[in-house]
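Right, one structure below, let's go through it.
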Amino acid sequence: MKEVQLYTDGACSGNPGPGGYGTVLVHGEHRRELSAGFTRTTNNRMELLAVLAGLDALKHPCRVQVVSDSKYVVDTMNGNWPSKWKARAWKKVSGGLVENIDLWERMLEESRRHELSFEWVKGHAGHTENETCDRLAVAASQGGDLASDTGYEEAQARKNAQMKLF
């Protein structure tokens, strides 16, 4: 099984607001950078999408070390929370639905496909690959051709419809 390092970062100007992600994949001497920007999203969604974009780019199952400055992503995956949430129909222990269910479901799929490990690094602390991911994410969020984050928009529409019921 190939071993890959996946470095990730997300950025958002406002929360919600325009956002982007940056990803660097490294396998031996091979290196690939990915990024994309969205018109309206959240920072946590961008952190998750950064990981998912990198995993989606892999053609075969791999052993992947994910390195991120997002405690949200790293702690959640290291604590196996997505599996626990799914077992509770995506409800938090405190009640209410988990945020970003669409992305956590994708993360569970990818964790069955790949052997994943997650490592946290301090952001904006000089880690070369994390700084590269940050630059990619910020540039993507400021790009002129931003996509719609349909998962975010659909979740907002559901919330608005539920609020009208009360």
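Things to note:
- Across the stretch 13-57, the number of residues qualifying as under 13 Å from SER70 (Cβ atoms) and among the polar types (S, T, N, Q) comes to 4.
- If you go through the stretch 4-22 and keep only what is open to solvent by 10 Å² or more (accessible area, probe 1.4 Å), touching a Phe, Trp or Tyr at 6+ places or on another chain (Cβ under 8 Å) and among the polar types (S, T, N, Q), you end up with nothing.
- Set ASP69, ASP75, ASP9, ASP56: member being touching a Leu at 6+ places or on another chain (Cβ under 8 Å) and of a type in the set (Asp, Glu): ASP9
- GLU99 vs. criteria under 19 Å from VAL64 (Cα atoms) and either touching a residue at least 60 places away in the same chain (Cβ under 8 Å) or within 14 Å of the chain's Cα centre (by Cα) (or both): no
- Selection of the stretch 63-91 for residues being under 23 Å from GLY123 (Cβ atoms) and touching a Lys or Arg at 6+ places or on another chain (Cβ under 8 Å) yields only ASP69.
- For LEU25, the conditions (1) closer than 16 Å to ARG135 by Cα; (2) in contact with a Lys or Arg (Cβ under 7 Å, 6 or more places away or on another chain); (3) open to solvent by 20 Å² or more (accessible area, probe 1.4 Å) are fulfilled apart from (3).
- Residue within the stretch 130-141 that is charged (D, E, K, R), touching a Phe, Trp or Tyr at 6+ places or on another chain (Cβ under 8 Å) and under 21 Å from ASN43 (Cα atoms) present: no
- For LYS91, the test of being at pLDDT 95 or above and basic (Lys, Arg) is failed.
The values are calculated or read from the model by the stated rules, or taken from the named source; none is laboratory data. Nothing here was measured: the structure is a model prediction, and the numbers come from that model. Note that we place each Cβ from the backbone using ideal geometry, even for glycine, and neighbour counts take in every protein chain shown. The protein model used for the area step is the full one, side chains on, heavy atoms only, and it has no ligands, DNA or RNA in it. Shrake-Rupley method; radii C 1.70, N 1.55, O 1.52, S 1.80 Å.
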